[in-house]
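The values are calculated or read from the model by the stated rules, or taken from the named source; none is laboratory data. Please read all numbers here as calculations on a predicted model, not as lab measurements. A quick note on method: Cβ atoms are made from the backbone with ideal geometry, for glycine too, and the neighbour counts reach across all protein chains shown. When the accessible area is computed, the model is the full protein with side chains, heavy atoms only, and any ligands, DNA or RNA have been set aside. Shrake-Rupley method; radii C 1.70, N 1.55, O 1.52, S 1.80 Å.
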Amino acid sequence: MRAVLCDRFGSYQDLVLSEVPSPALAEGSVRIAVHFASVSYAISLMVAGTYQRKMTPPFVPGTEVSGVITECGPGVNDLKVGDRVAAIVDCGAFSEEVVIDRATVYPVPESVPLEQAVALPLSFGTATTALKRAGELADKTVLVTGAGGALGQAAVQVASLLGARVIAMASSPEKLGAALKVGASEGIDYSTGDVVKKVKSLTEGRGADVVFDPVGGEVFASLIRATAVEGTILSLGFASGKIPAAPVNLLLVKNIGLLGVNFSEYVGWGKEDRRHQFSDEIQSMMRWLFQSAAEGKIRLATPELFRFEQVTEAIDQVVQRRAVGKVALRIR
């Protein structure tokens, strides 16, 4: 089968399509004919060998697919050949076939196109897990940074669905426009002006009850100042490339909770593989998300699609922060 092979750590610009053997089917797993595979910033780190979860070359990168089941292994009784699914995979998404444990495979309703379904598991799963950790959101104000990206747009939609008022933060008018289209009430371009002043002016001086931050970097200290007393900050990553140092004194005087959220822990990517421990909970969440998408409560936009052969261009689109929303490869 054709696949993108990383034969040594280095630049994603060196990735090329290769012929590799099809993966063997294991007990409790399914084989999926991949139609679409999502592209994320983390891919560039994985092939460079700098990601928190280390692969051993040679390996096929990519961690999220949508497609059709072509084979079920022993012990898989609730899925069948021909089922349309999306899946979170350990690696190997950039290939014509993947084999993955049934625990992280999620049925896709007929009304949800596969090219849209690929955008749901990781981004919406991460956003939902984080926001529900922040507690009841009805009538709360949620500030979302990086709101033009795939994870940020997912957070905007899930927070809105859970009853929150959402303020979107992004680095350009185009990205803010995308966030406003999917449910944000207001937008802030954090490349222009005082973030704290803008948030306070939109919240009658109170600040945001919950801050959803996958960006980190230099703006993080401003986010703490823009958080309401007894608010919550959700830290989900560092898309800015810089890990911030939290001014703990501000957390203390405002009784602010700072929560790190690592969705990987729930899908088998932690220090221990605990995907089966959380499988029922995550499967239930995915059913709710896909049903919400089927009912139009969540708008799954078609990703910016690249041909299989354009894998380096696709990754570059994300790394250079030109993408608005999700980027994906069309495998077949």
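Summary of values
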read-out: Pairs, first at pLDDT 95 or above in segment 86-102, second surrounded by fewer than 22 Cβ atoms within 10 Å (Cβ to Cβ) and among the polar types (S, T, N, Q), C-beta under 8 Å, six or more apart; value: 97/22; 97/70
read-out: Residues of segment 301-330 that turn out to be closer than 20 Å to residue 96 by Cα and out of contact with any helix residue (DSSP H, G or I) (no Cβ under 6 Å at 6 or more places or on another chain), as a count; value: 12
read-out: Matching residues, segment 145-180, being in a helix (DSSP H, G or I), farther than 17 Å from residue 213 by Cα and free of Cβ contacts under 8 Å to residues at least 40 places away in the same chain; value: 173, 177, 180
read-out: Strands (runs of 3 or more DSSP E) within segment 186-268 that include 3 or more residues within 29 Å of residue 282 (Cβ to Cβ) and touching a Lys or Arg at 6+ places or on another chain (Cβ under 8 Å); value: 227-235
read-out: Exclusive hit being out of contact with any strand residue (DSSP E or B) (no Cβ under 6 Å at 6 or more places or on another chain) and open to solvent by 10 Å² or more (accessible area, probe 1.4 Å), set 171, 185, 160; value: 171
read-out: Scan of segment 150-163 for residues that are within 9 Å of the chain's Cα centre (by Cα) and either modelled with pLDDT of 95 or more or not hydrophobic (A, V, I, L, M, F, W, C) (or both), ordered by number; value: 152, 154
read-out: Residue in segment 276-284 that is out of contact with any Leu (no Cβ under 9 Å at 6 or more places or on another chain) and at pLDDT below 95 present; value: no
read-out: Residues being surrounded by 13 or more Cβ atoms within 10 Å (Cβ to Cβ) and without any contact (Cβ under 8 Å) to a residue 24 or more places away in the chain - total across segment 263-287; value: 6
read-out: Qualifying residue in segment 283-305 (condition: aliphatic (A, V, I, L, M), closer than 20 Å to residue 128 by Cα and more than 18 Å from the chain's Cα centre (by Cα)); value: yes
read-out: Output for segment 91-128, where each listed residue is in contact with an Asp or Glu (Cβ under 9 Å, 6 or more places away or on another chain) and in a helix (DSSP H, G or I); value: 102, 104, 121, 122, 123
read-out: Selection count where residues are charged (D, E, K, R) and open to solvent by less than 40 Å² (accessible area, probe 1.4 Å), scope segment 54-85; value: 2
